[in-house]
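Notes follow the structure.
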Amino acid sequence: MIEAIISLITTTALLLGSPGPAPLALAATGATHGIKKGTPFLIGILLGLSVAIIGATFGLATLFSYWPKLQFGMQLLGALYLAYIAFKIATAPITSTLHTTEDSTPLLSDGFILNLLNPKAYAAFLAIFSQFILPFSNETHSYIATGIVCLIVAAVVDTLWLCFGGLLRPLFSHPLQARVLRVTFSTLMMLAVVWTFIPSLEW
């Protein structure tokens, strides 16, 4: 059991903790608005991830494999919504050295919608549940325990990304530096979206 838990934790951390769109969005939010103001966005991302876990459990990712256009449509919507969040971060007005306006801060709903429209999350959890499910005698208990461990790992790695951004924040207290930071993070977010989006395109 210990070996299975370690394998599950390692795989989940690698899948969810790598610098993709959501982790970069968390880092950008932490750097731009601070850890405290970015916490609702973090909670929203974790709630959306919970839906992805439930969706994978009920085979939603398998549905995507039968209807690729549905997956592509959700991925496109997710990319557009992430572009909206990146735009909010990049263009947020600077009111003082380390303060920004409230309406530019990504909200809990932003994080929730972001992962709700992320078919990659459903596919990732389907892969986890098909290969790294915890070995309990009761199948239902196995799925529940695996989902809980995945959510805990996601909470840890996502919090680390938010804190990483928060640690960078004081280094960019000058308005010009703050703007450069925001635009840089927003650009990285969009590059990550393009990188994950390319395999879905048919040339």
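The values are calculated or read from the model by the stated rules, or taken from the named source; none is laboratory data. Since this is a predicted model, take the numbers as computed values, not measurements. These area figures cover heavy atoms from the full protein model, side chains too; ligands, DNA and RNA do not enter into them. Shrake-Rupley method; radii C 1.70, N 1.55, O 1.52, S 1.80 Å.
Numbers at a glance
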item	result
Heavy-atom SASA rank of 3, 139 (probe 1.4 Å, accessible area, largest first)	3, 139
Under-5 Å amide H pairs with residue 134, H placed in peptide plane, nonlocal only	146
³J(HN,Hα) computed for each position of segment 143-153 - Karplus, 6.51 cos²θ - 1.76 cosθ + 1.60, integer Hz, glycine/proline x	5, 5, 5, 5, x, 5, 4, 4, 5, 5, 5
Phi-based couplings in Hz for segment 39-49 (Karplus 6.51, -1.76, 1.60; Gly and Pro marked x)	4, x, 4, 4, 4, x, 4, 5, 5, x, 5
Per-residue SASA entry for residue 72, accessible area with 1.4 Å probe, Å² rounded to 10	70 Å²
Solvent-accessible area, 1.4 Å probe, carbon plus sulfur percent, for segment 4-45	79 percent
Calculated from backbone phi, Karplus (6.51, -1.76, 1.60) coupling profile of segment 4-18 in Hz, x at Gly/Pro	5, 5, 4, 4, 5, 4, 4, 5, 5, 4, 5, 6, 9, x, 5
Nearby lysines by direct alpha-carbon distance to residue 37 (threshold 28 angstrom, same-chain neighbours under 8 apart not counted)	88, 120
